[in-house]
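A quick write-up on the structure given underneath.
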Amino acid sequence: MDDALFEFLRSVDTPTVCNAIETAQGKRGFSAFTRRPVIVADPDARPIVGFASTGKVASKFPSPETPESVRERRLGYYRHMATSPKPAIAVIEDIDYPECLGAFWGEVNATVHKGLGLSGAITNGLVRDLGSLPADFPILAGSVGPSRAFVHVTGFGMPVEIFGMPVKQGDLIHADQHGALVIPPDVVSVLREAVRTVLEAEKVVLETARKPDFDIDMLVDVWTRFEDTRNG
């Protein structure tokens with residue numbers, strides 16, 4: 001992965017990347033994506049692309065460990081985030097889901113993560129402090145809530161699952177207001193061309209459908225070309 005490819009992928013939305021992965025694989029059925037709607041802290045934010053830096057939190061009940069142990073794990077978590085390959089996206093599973101109670105993501109924690117070099121965050125848990133979150137640090141969350149409750153880190157660097165999307169440490173993620181997906185390693189080298197193929201195929205249909213004299217016969221003709229281009 002080079003910087004040019006990262007920037008290119010940030011210029012297209014997640015549905016386009018999802019289609020492009022299937023084009024690159026030559027078949028339908030790609031399934032490594034989130035399966036339910038997400039809350040986007042900043043709907044105007046650009047897509048985020050980066051390597052997953054994973055962790056787990058809990059918030060419904062106090063930690064049974066000593067405050068010293070809780071603090072040491074939190075600091076270990078931050079060290080993990082700081083040393084993860086960049087660009088990185090924090091992918092954090094709240095193990096209390098769907099009964100998440102406290103927000104791990106708010107103004108302070110988001111600012112800390114951004115300062116440590118992360119590009120954004122994805123969680124099935126809560127986010128708060130809307131309107132005070134740092135700019136250019138997109139957060140996709142399961143819901144919004146006012147409290148931190150008993151939120152604490154339970155681990156980091158392990159596999160997690162966000163709304164049906166399994167994620168491992170180091171997986172390549174693409175996400176926007178539609179949700180998130182894991183880009184398979186075997187399509188990375190051809191993904192740019194696959195995205196262009198998808199966009200060109202859609203352009204053929206869109207330009208024809210916008211013509212004043214568009215009719216069903218034109219659709220039949222253009223749809224054949226659309227499928228040939230997209231699946232070719």
**Asked** Here is a list of conditions, (1) closer than 18 Å to Val17 by Cβ; (2) under 14 Å from the mean Cα position of the chain (by Cα); (3) crowded, with 22+ Cβ neighbours inside 10 Å, and Leu118 meets all of them except one; can you say which number that is?
**Response** (1)
**Prompt:** Just one of Arg196, Arg210, Arg192 is surrounded by fewer than 22 Cβ atoms within 10 Å (Cβ to Cβ), more than 17 Å from Ile48 (Cα to Cα), under 23 Å from the mean Cα position of the chain (by Cα) and basic (Lys, Arg); which is it?
**Reply:** Arg196
**Asked** Restricting attention to the range 75-94, which residues are surrounded by fewer than 17 Cβ atoms within 10 Å (Cβ to Cβ) and touching a strand residue (DSSP E or B) at 6+ places or on another chain (Cβ under 6 Å)?
**Response** Pro85
**Prompt:** If Gly76 satisfies every condition in (1) modelled with pLDDT under 95; (2) over 30 Å from Phe226 (Cα atoms) but one, which is the exception?
**Reply:** (1)
**Prompt:** Which one of Pro64, Pro43 is more than 20 Å from Ser189 (Cα to Cα), assigned by TED's automatic domain parsing to the domain that holds Val153 and free of Cβ contacts under 8 Å to residues at least 12 places away in the same chain?
**Reply:** Pro64
**Message:** Conditions first: (1) surrounded by fewer than 24 Cβ atoms within 10 Å (Cβ to Cβ); (2) in contact with a helix residue (DSSP H, G or I) (Cβ under 9 Å, 6 or more places away or on another chain); (3) at negative phi. His113 passes all but one, so which condition is the exception?
**Reply:** (1)
**Asked** Somewhere in the range 80-91, is a residue small (Gly, Ala, Ser) and on the phi > 0 side of the Ramachandran plot?
**Response** no
**Request:** Answer yes or no as to whether Phe6 is surrounded by fewer than 21 Cβ atoms within 10 Å (Cβ to Cβ), touching a Gly at 6+ places or on another chain (Cβ under 9 Å) and not assigned by TED's automatic domain parsing to the domain that holds Ala121.
**Result:** yes
**Message:** I'm told Ala135 meets every condition in (1) surrounded by 15 or more Cβ atoms within 10 Å (Cβ to Cβ); (2) under 18 Å from the mean Cα position of the chain (by Cα); (3) aliphatic (A, V, I, L, M) except one. Can you identify the failing condition by its number?
**Reply:** (1)
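The values are calculated or read from the model by the stated rules, or taken from the named source; none is laboratory data. Since the structure is predicted, the reported quantities are computational estimates derived from the model, not experimental observations. As a convention, Cβ positions derive from the backbone with ideal geometry for all residues, glycine included, and neighbour counts pool all protein chains shown.
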